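Chemist: Here it is: the structure, laid out below.
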Amino acid sequence: MSEVIVVTSGKGGVGKTTTTANVGTGLAAAGKKVVLIDTDIGLRNLDVVMGLENRIVYNLVDVVEGSCRVKQALIRDKRYAGLYLLPSAQTRDKTAVNESQMKKLIDHLRDQFDYILLDCPAGIEQGFKNAIAGADRALVVTTPEVSAIRDADRIIGLLEANAFEKIDLVINRMRYDMVKRGDMMTVEDVVDILSVGLIGVVPDDENVVIATNQGEPLVGNHTLAGRAYKNICMRILGQDIPYLDLDQSISFWTRVTGIFHKSQEGRV
Amino acid sequence: MRLPNFLKRKSSREVAKDRLKILLISDRVNCSPEVLDMIKQDIAKVISRYMMIDAENMEIQVSKSSSRGRGNKNPSLYANVPILDLHKIT
């Protein structure tokens, strides 16, 4: 049974692409066959975050227009067995693809993959409609900020109107030092306001920037964000993973030496 | 005794939460906070004909459905009207 997951947020810059890259990579590392589809036509980014930008020959628009076969456009990630990327077109716009074309493409890919992840563009226009058209479930990414939460609420409303039953929340860029000072909404606040199920909390971690610089997803490594993304993957796979209390998981020695930045406290 | 300023002031977290709650009510019904306030005042006016209510502390809320994603999809309006005196007409 394959599952099609759309990663969406409404607001731009909250971490949709990073989440798609890391969750996809994590699922592939767990032995699943995964394809990541960048549906942001005209502003493609998933290829650079994955570090596969130099290997693009064909793209999503070529596939739906029939200029190439699906197989020709899929880029195999050599680092993980079973991980593929279908890049978006950079020189076209969102009207180049419609919802029925997306559905057809996804139905074709369902037979070959365990997980199909769709990186949704920001906004609620055609690109969003395309991205959700063939999806079974949604990951809504937000940050603990008013603007991002407002947009996430709008997106959740639209997903519900489109009969989505599995909508899960990813809270990104959580800063526990700010929460402690009373200057950032807590995980509970955000979940309470949006009233959807939580699937993961990713702390604000500079390693995400470093990983993006290098074009290497950080899921599963020792960094806090890497661990948080791995936990999200495990939860997607149906495992009951407790939220780590990072105050305890940081060892006494690292506390003493102060290697860990203050913001690396909390839960993931 | 006057409390020091930092004790009285709401944390920015609380400010954000309160603002969002009000904002999302109007977002969800697609009408402005002013319209919602007018609805609230009208409800208060009607109920005041029959009983004494605390119009200052009444709350109205619009939710998309009783629990998200399940059951009927129609939005519903909840009004929480504190009654001061059931039999006294204001």
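Chemist: Tell me whether the stretch A:116-136 contains one or more residues that are within 12 Å of another protein chain (Cβ to nearest Cβ) and either in contact with a Gly (Cβ under 9 Å, 6 or more places away or on another chain) or closer than 21 Å to A:L198 by Cβ (or both).
Modeler: Among the residues of the stretch A:116-136, not one is within 12 Å of another protein chain (Cβ to nearest Cβ) and either in contact with a Gly (Cβ under 9 Å, 6 or more places away or on another chain) or closer than 21 Å to A:L198 by Cβ (or both), which makes the answer no.
Chemist: Looking only at residues in the stretch A:173-217 that are among the acidic types (D, E) and free of Cβ contacts under 8 Å to residues at least 12 places away in the same chain, which one is surrounded by the fewest Cβ atoms within 10 Å (Cβ to Cβ)?
Modeler: A:E188
Chemist: Conditions: (1) within 15 Å of A:V6 (Cα to Cα); (2) modelled with pLDDT of 95 or more. A:V146 meets all but one. Number of the miss?
Modeler: (1)
Chemist: Here is a list: B:D18, B:D37. Which entry is surrounded by 11 or more Cβ atoms within 10 Å (Cβ to Cβ), more than 10 Å from chain A (Cβ to nearest Cβ) and at pLDDT 85 or above?
Modeler: Only one candidate qualifies: B:D18.
Chemist: Within the stretch A:195-222, can you find the residues that are under 11 Å from A:P144 (Cβ atoms) and either facing chain B (nearest Cβ under 10 Å) or in a loop (DSSP other than H, G, I, E, B) (or both)?
Modeler: The answer is A:D204, and nothing else.
Chemist: Turning to a different aspect of this structure: Among residues belonging to the stretch A:152-172 that are buried (at least 22 other Cβ atoms within 10 Å of the Cβ) and more than 8 Å from every other protein chain (Cβ to nearest Cβ), point out the one that is nearest to A:T18 (Cα to Cα).
Modeler: The residue in question is A:N172.
Chemist: Right, A:D114: under 18 Å from A:G24 (Cβ atoms) and acidic (D, E) or not?
Modeler: yes
Chemist: Here's another thing I want to ask about it. Give A:E160, A:E216, A:E206, A:E165 a once-over and let me know the one that is modelled with pLDDT of 95 or more, out of contact with any His (no Cβ under 8 Å at 6 or more places or on another chain) and of a type in the set (D, E).
Modeler: It is A:E216.
The values are calculated or read from the model by the stated rules, or taken from the named source; none is laboratory data. Note that the structure is predicted; figures quoted are calculated from it, not measured. Positions of Cβ are generated from backbone atoms using ideal geometry, with glycine treated the same way; all protein chains shown enter the neighbour counts.
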